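Notes to accompany the following structure.
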Amino acid sequence: MEEKILEVNFGPQHPSTHGVLRLKVKLNGETVLSAEPIIGYLHRNAEKLSEFNYYASNLIFMDRLDYVGNHNMELGYVLAVEKLAGIDVPERAIWLRMLFAELNRIASHLVWAGTMGLDLGMITPFFYAFRERERILQLFEMVSGARLTYNYISIGGVYNDLPNEFDEKFKEFVNDFPARLNELKSLFEKNEIFIQRMKGIGILPPEVAKSYSITGPVLRASGVNYDIRKISPYLYYDKVDFEIPISHGMDNYARFEVRFKEMEQSLKIAKQVYEKLPPGEYQNSLYKKSGLINIKGAGESYVRTESPRGEFGVYVVGDGSKKPYRVRIRSPAFHNLSAVNEMVKGLKIADLIATLSTLDPVFGEVDR
Amino acid sequence: MIIEEGVLKDGTKYILVEKSTLIEELNNLKNQGYDYLILMSAVDYKKYREVVYHLGSYNDNRKIVLKVRTEDDILQSSTPLWGAANWFEREIYDLMGIKFEGHPNLKRIFLPEGWHGHPLRKDYDMSKKQYVNMKEDGTDLVSFNPEDGW
Amino acid sequence: MVKGILKGMFVVLKHSRRKPVTVEYPEKEIPWHTKRFRGRVILNLDTCIGCSLCSQICPNESDHMVYFDYDNGKNKRKIYPAVNIGTCTYCGLCQAICPTGSIRLSNDMTLASFEKDFDYLPDRLSRTEEELKHHD
Amino acid sequence: MIYSILQLINFILTYIGISYSQYLPPYGALFQRLIVDTIGALLIFIAASLTIVVVIYIFRKWMADLQQRIGPNRVGPYGTLQLIADALKMFGKEDIIPDNVDPILFRFAPYLVFIPLIMSYLLIPYGTIYHWAIIFTNVNVTLLLIIAFSAIPPIGEIIAGFASNNKFSLIGALRAAAQDLSYEIPMMISLIGVIMLTGSLNLNTISQYQWHYIPIAILEPIGFLVFFVAVLSKMAVVPFDLPESESELVSGFNVEYSGLRFGIFYLGVFGSIFFGSLFISTVYLGGGSDLPFLPGFGYIWLLIKAFIFTFLFLTIWVSLPRIRVDKYMNFGWKYLLPLSLINLLWTMVLLLFIHGVL
């Protein structure tokens, strides 16, 4: 009896595709023969849009790329523009940017932990993860005024300083987050059904990862020790000590472990940064009020930062005018997703969904 | 064959390469240890299109930029060297219109199949609106008059 | 064989003793509502000098300059910003760039109104939502 | 001391002073029996759907409590009328039937799931309230009937999946078939152990037996565990909710259903949870048989045991991920089946000691 291939569209509208991804899946019964991702449903071409605006007002397009880790997105763009236009940033602003980059990484990993639980059929971890994320969002709203699209970084520093009630809320969050994190982890870690669903599934060998130029937790779970914060430190990551969690498991369970350890490391960095916050100016006075408009830059510059999903880079080409000539965005989730076909051959439908959830793609960034 | 060499503003070395010897240059760079294709981007300088390869390596922070210029928008594809080049080149073809010979399936990656023009070109006409709809058999129908749009 | 599963269930059961975290918004006020919350744009007609910087920096042109005859001595051309609340992304760039600080983002979050027109002209922009409700 | 419903109604009517025997047609007893049973069936139908609504309310409040949120509290005091509102919405919503769908099968699949479930509620001996036994069927094959009725809902799910002409529901239907097949056998083999011990198929005698001796759960722990897991998978609760796995198959076989038909499926899920807990407490914990220190009120004991099991099932639903299809199948065939056979051996040893007979 020749094989009956069932071609199913895990279409743009599906409960667990983390956004608008369409997977053209060829099924033989329950086993997946091939899964070809089709993207482009959330394509707004932020690169073309940012050619019509001033340097400072492109921030809102960068926010809406990876709408879960958006502080890191703004950071990548602003660092690239500052290097292009040669703007120096006061000391305190750099430390503040680092503090919120790490808090944003924790918030993004918490969203991943919640949605991974949902994809495997567990309902409760979503609520515990979002309860913790809510406290981080409150910290952001206290400082920048918004919960998701922060626009906290200005070119040349940050827009406003920490309010005085920030200190007490931050200490409170930092003190009881480790206990809550272990509680969330214990829901997954030793659970036999969870281990059965995640161990040995979605194998990504290091050579395939390197050839698909995959970065971030997905790469570190395949045993490659590569993190931009250590290899080419930007901001003050060389003045802070932290380790890079690595696992040689190459499967979903390894990616799960790497991300949870990364949250602990990010908290450790945030604590150290908070102690090292120097007093003083938080925004370069040249570009304070009406200086925002006349930022000019010629030549080209590419800056690499470590966003929660991998290496996020912005390549800006300036022609000396007040508007960028070309902005090119390197989005890590775009490459993490391109390796789905290799990782999923021969698995079951349930494993396809589990592997997709540990790749943690966000489609604002994949489709740009 | 390297036409020009130099250092960029942010300190990274860059080389400008002949269009015909693109693949050999990429190949010996890869053998020199640049095994990580960070980014492939295309910039439209009106007279010519410039494709910029950012190469790095997974075990240290060396970085090099390789540029190649083309007027007639045809280049050799570097998919044999890196798997990532597959989606990079499809995106550059989709948004900038540069065809890569030897690419397994050079189709548009973001825009629907029948889209007219390549948006990231400087001469792309932004005023003409294109409407996308789905035909009976599920493929995309791109047209200029708004009636086909829903 | 079931030790991990029981441990997970114990953690879930432990949560039944904790107080619920949800804040029932309409009845009770949001406890952490901060002074810096970026709500609706508001204009101070007296200090605006009509320099149109805010309309240039606005990313999607929801802030555009409009003629409005209100003389406050400093604004010869009598042009004031009008903001289309529907397309505004509340990014706060106009507040950051305004040299005289006359345009800023208030804490106002409840924007539901019977007016179908989202494009707030300067006189409507200069009044807060409460005044707008009582006024018409 | 235990009277049946028929005697109860006779007692009330003679107490009021109406003697209706002269109006009865020739075969009076048979006709009388017919009336009493239909009244009983209607009573149970209403009671069952009310308990299902209560179980749904308990589930939403208990899940909310475990997840540190409040749960329904807007409609009615403490959200009690929320379920009535949901039921009305379910009736009110338009029942969309897609066009290229199998017309007859698509319409009747939900009833195939719900009707057998409600009928199996009739078979459970609910014990006594002040000596009035609420037992509707005292036939000596009630256990067999329950197994027969509990085999029909999966067929309804398979038909629903195939009839709705949708790839996801097709896979959901295949999973329903696999699930029903591989976990029915261990359940029955563990029940054989119970039948061997008590010597009868009548649930009433099974529950009375456990009052005279000790509950069978203690006598046959392996059988109890195997039965517990098999009933858990019969109810499609989360670790085993493969036919209706929302995150993979966009909610499996009931993808194309909406309005009243989806409501019936939804009630079916929670109905089977409460029925499962009733069934397991009657067979393994002797539900309904009145215990010495509260002579006439066996019914209350049954309710207590049933709600303990319901909370247990709901906690499992809230805190565990979903198992994969092939792991689920080989867990059923490689672990549950041998365990239930070992349980049979264990019952033989028990029989040797208790009755001295083989």
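Could you please let me know if C:Leu53 is more than 8 Å from every other protein chain (Cβ to nearest Cβ) and either touching a residue at least 24 places away in the same chain (Cβ under 8 Å) or surrounded by 19 or more Cβ atoms within 10 Å (Cβ to Cβ) (or both)? Steps first, answer last, please.
On the way: more than 8 Å from every other protein chain (Cβ to nearest Cβ): no; either touching a residue at least 24 places away in the same chain (Cβ under 8 Å) or surrounded by 19 or more Cβ atoms within 10 Å (Cβ to Cβ) (or both): yes.
No.
Among the candidates D:Gly193, D:Gly223, single out the residue that is more than 22 Å from D:Leu117 (Cα to Cα), modelled with pLDDT of 85 or more and in contact with an Asp or Glu (Cβ under 6 Å, 6 or more places away or on another chain).
Values: D:Gly223 fails: in contact with an Asp or Glu (Cβ under 6 Å, 6 or more places away or on another chain).
None of the others qualify; the one that does is D:Gly193.
Residue under question is B:Arg121, and the condition is that it be assigned to a loop (DSSP other than H, G, I, E, B), within 14 Å of the chain's Cα centre (by Cα) and either outside the structural domain of B:Met134 (by TED's automatic domain parsing) or of a type in the set (D, E, K, R) (or both); does it hold? Yes: the conditions hold for B:Arg121.
Okay, residues lined up against (1) surrounded by fewer than 22 Cβ atoms within 10 Å (Cβ to Cβ); (2) at negative phi; (3) among the β-branched types (Val, Ile, Thr):
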{"site": "D:Pro98", "(1), (2), (3)": "yes, yes, no"}
{"site": "D:Arg107", "(1), (2), (3)": "yes, yes, no"}
{"site": "D:Pro110", "(1), (2), (3)": "no, yes, no"}
{"site": "D:Leu117", "(1), (2), (3)": "no, yes, no"}
{"site": "D:Thr128", "(1), (2), (3)": "no, yes, yes"}
{"site": "D:Ile134", "(1), (2), (3)": "yes, yes, yes"}
{"site": "D:Thr137", "(1), (2), (3)": "yes, yes, yes"}
{"site": "D:Asn140", "(1), (2), (3)": "yes, yes, no"}
{"site": "D:Leu145", "(1), (2), (3)": "yes, yes, no"}
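Looking for whichever is without any contact (Cβ under 8 Å) to a residue 24 or more places away in the chain, more than 20 Å from C:Asp63 (Cα to Cα) and among the acidic types (Asp, Glu) here; the options are C:Glu115, C:Glu131. Which one fits?
Numbers: C:Glu115 fails: more than 20 Å from C:Asp63 (Cα to Cα).
Criteria check complete, one pass: C:Glu131.
For segment D:317-358, a residue qualifies if it is touching a residue at least 60 places away in the same chain (Cβ under 8 Å), within 14 Å of chain A (Cβ to nearest Cβ) and among the hydrophobic types (A, V, I, L, M, F, W, C), and the qualifying residues are D:Trp317, D:Val318, D:Leu320, D:Ile323, D:Val325, D:Met329. Of all residues in segment A:36-48, those satisfying the criterion of being part of a helix (DSSP H, G or I) and facing chain B (nearest Cβ under 10 Å) are A:Glu47, A:Lys48.
Residues that are under 23 Å from B:Gly83 (Cβ atoms), within 12 Å of another protein chain (Cβ to nearest Cβ) and not hydroxyl-bearing (Ser, Thr, Tyr) occur in segment A:291-310; there is at least one. In this structure, A:Tyr234 qualifies as touching a Ser or Thr at 6+ places or on another chain (Cβ under 9 Å), at pLDDT below 95 and not in a helix (DSSP H, G or I). Taking residues in segment B:105-118 that are at the interface with chain A (Cβ under 10 Å from one of its Cβ atoms), and partners anywhere that are part of a loop (DSSP other than H, G, I, E, B) and among the aromatic types (Phe, Trp, Tyr), the pairs with Cβ atoms closer than 8 Å and at least 6 places apart or on different chains are B:Arg108/B:Trp115. Among the residues making up segment A:119-151, those that are within 13 Å of chain D (Cβ to nearest Cβ), over 17 Å from A:Arg105 (Cβ atoms) and either among the charged types (D, E, K, R) or in a loop (DSSP other than H, G, I, E, B) (or both) are A:Asp119, A:Gly121, A:Met122, A:Ile123, A:Arg131.
Only one of these is buried (at least 19 other Cβ atoms within 10 Å of the Cβ), among the aliphatic types (A, V, I, L, M), in contact with a Leu (Cβ under 9 Å, 6 or more places away or on another chain) and part of a strand (DSSP E or B): B:Ile15, B:Ile38. Name it.
Numbers: B:Ile15 fails: buried (at least 19 other Cβ atoms within 10 Å of the Cβ).
Just a single option satisfies the conditions, and that option is B:Ile38.
Could you tell me whether any residue of segment D:64-75 is under 19 Å from D:Gly268 (Cβ atoms) and either within 14 Å of chain A (Cβ to nearest Cβ) or not in a helix (DSSP H, G or I) (or both)? So far as segment D:64-75 goes, no, none of its residues is under 19 Å from D:Gly268 (Cβ atoms) and either within 14 Å of chain A (Cβ to nearest Cβ) or not in a helix (DSSP H, G or I) (or both).
Per the conditions (1) without any contact (Cβ under 8 Å) to a residue 60 or more places away in the chain; (2) closer than 24 Å to B:Arg121 by Cβ; (3) part of a loop (DSSP other than H, G, I, E, B), the sole criterion not satisfied by B:Lys46 is (1).
Restricting to segment B:124-135, name every residue that is of a type in the set (S, T, N, Q) and either under 19 Å from the mean Cα position of the chain (by Cα) or assigned to a loop (DSSP other than H, G, I, E, B) (or both). So that I can check it myself, show each step before the final result.
We begin by selecting, within segment B:124-135, every residue of a type in the set (S, T, N, Q); these are B:127, B:130, B:133.
Passing the criteria: B:Ser127, B:Gln130.
Out of A:Val303, A:Val327, one residue alone is closer than 24 Å to B:Ile109 by Cβ and either more than 19 Å from the chain's Cα centre (by Cα) or of a type outside the set (Lys, Arg) (or both). It is A:Val327.
Going through D:Leu232, D:Leu249 one at a time, which residue ends up being out of contact with any Asp or Glu (no Cβ under 9 Å at 6 or more places or on another chain), touching a residue at least 40 places away in the same chain (Cβ under 8 Å) and under 21 Å from C:Met9 (Cβ atoms)? Working first, answer last.
Values: D:Leu249 fails: under 21 Å from C:Met9 (Cβ atoms).
After ruling out the rest, the residue left standing is D:Leu232.
Quick one: in segment D:214-254, which of the residues that are assigned to a loop (DSSP other than H, G, I, E, B) and farther than 18 Å from A:Ala354 by Cα is farthest from the other protein chains (Cβ to nearest Cβ)?
Residues of segment D:214-254 that are assigned to a loop (DSSP other than H, G, I, E, B), as a first pass: D:214-215, D:220, D:235-237, D:241-245, D:250-251.
Filter once more, so that each one left must be farther than 18 Å from A:Ala354 by Cα: D:214-215, D:220, D:235-237.
Values: D:Ile214: 25, D:Pro215: 22, D:Glu220: 19, D:Met235: 15, D:Ala236: 12, D:Val237: 11 Å.
Ranking the candidates gives D:Ile214 first.
When segment A:1-35 is limited to residues that are under 23 Å from the mean Cα position of the chain (by Cα) and outside any loop (DSSP other than H, G, I, E, B), the one that is surrounded by the most Cβ atoms within 10 Å (Cβ to Cβ) turns out to be A:Leu23.
Could you please find all residues in segment D:306-316 being away from chain A (no Cβ under 14 Å) and surrounded by fewer than 21 Cβ atoms within 10 Å (Cβ to Cβ)? Steps first, please.
The first filter runs over segment D:306-316 and keeps only residues away from chain A (no Cβ under 14 Å), leaving D:306-313.
Scanning segment D:306-316 gives D:Phe307, D:Ile308, D:Phe311, D:Leu312.
For segment D:290-358, please list each of the helices (runs of 4 or more DSSP H) lying entirely inside it that holds at least 2 residues being within 23 Å of D:Leu203 (Cα to Cα), modelled with pLDDT of 90 or more and hydrophobic (A, V, I, L, M, F, W, C).
Details: elements: D:298-319, D:325-331, D:337-354.
Ranges flagged: D:298-319, D:337-354.
Looking at segment D:47-54, can you tell me whether even one residue there is assigned to a helix (DSSP H, G or I) and modelled with pLDDT under 70?
Going residue by residue through segment D:47-54, those that are assigned to a helix (DSSP H, G or I) are D:47-54.
With modelled with pLDDT under 70 added as a condition, the list becomes none.
No; the residues of segment D:47-54 include none that is assigned to a helix (DSSP H, G or I) and modelled with pLDDT under 70.
Comparison of B:Tyr34, B:Tyr14, B:Tyr93, B:Tyr53 shows that the only residue that is within 12 Å of chain A (Cβ to nearest Cβ) and over 22 Å from A:Ala298 (Cα atoms) is B:Tyr34. Taking the conditions (1) away from chain A (no Cβ under 14 Å); (2) within 26 Å of D:Ile124 (Cβ to Cβ); (3) in contact (Cβ under 8 Å) with a residue 60 or more places away in the chain in turn, D:Ile280 satisfies each one other than (3).
Across segment C:31-50, which residue is surrounded by the most Cβ atoms within 10 Å (Cβ to Cβ) among those that are at the interface with chain A (Cβ under 10 Å from one of its Cβ atoms) and over 16 Å from the mean Cα position of the chain (by Cα)? Full working, then the answer.
Here is the first cut: in segment C:31-50, the residues at the interface with chain A (Cβ under 10 Å from one of its Cβ atoms) are C:31-39.
Filter once more, keeping what is over 16 Å from the mean Cα position of the chain (by Cα): C:31-32.
Values: C:Pro31: 7, C:Trp32: 15.
Once the filter is applied, the top-ranked residue is C:Trp32.
Screening B:Met96 on (1) touching a residue at least 40 places away in the same chain (Cβ under 8 Å); (2) aliphatic (A, V, I, L, M); (3) under 18 Å from B:Glu25 (Cα atoms) shows it passes everything except condition (3).
The values are calculated or read from the model by the stated rules, or taken from the named source; none is laboratory data. Bear in mind the structure is a predicted one, so any value in this text is a computation, not a measurement. Glycine gets a Cβ as well: all are built from the backbone with ideal geometry, and neighbour counts include every protein chain shown.
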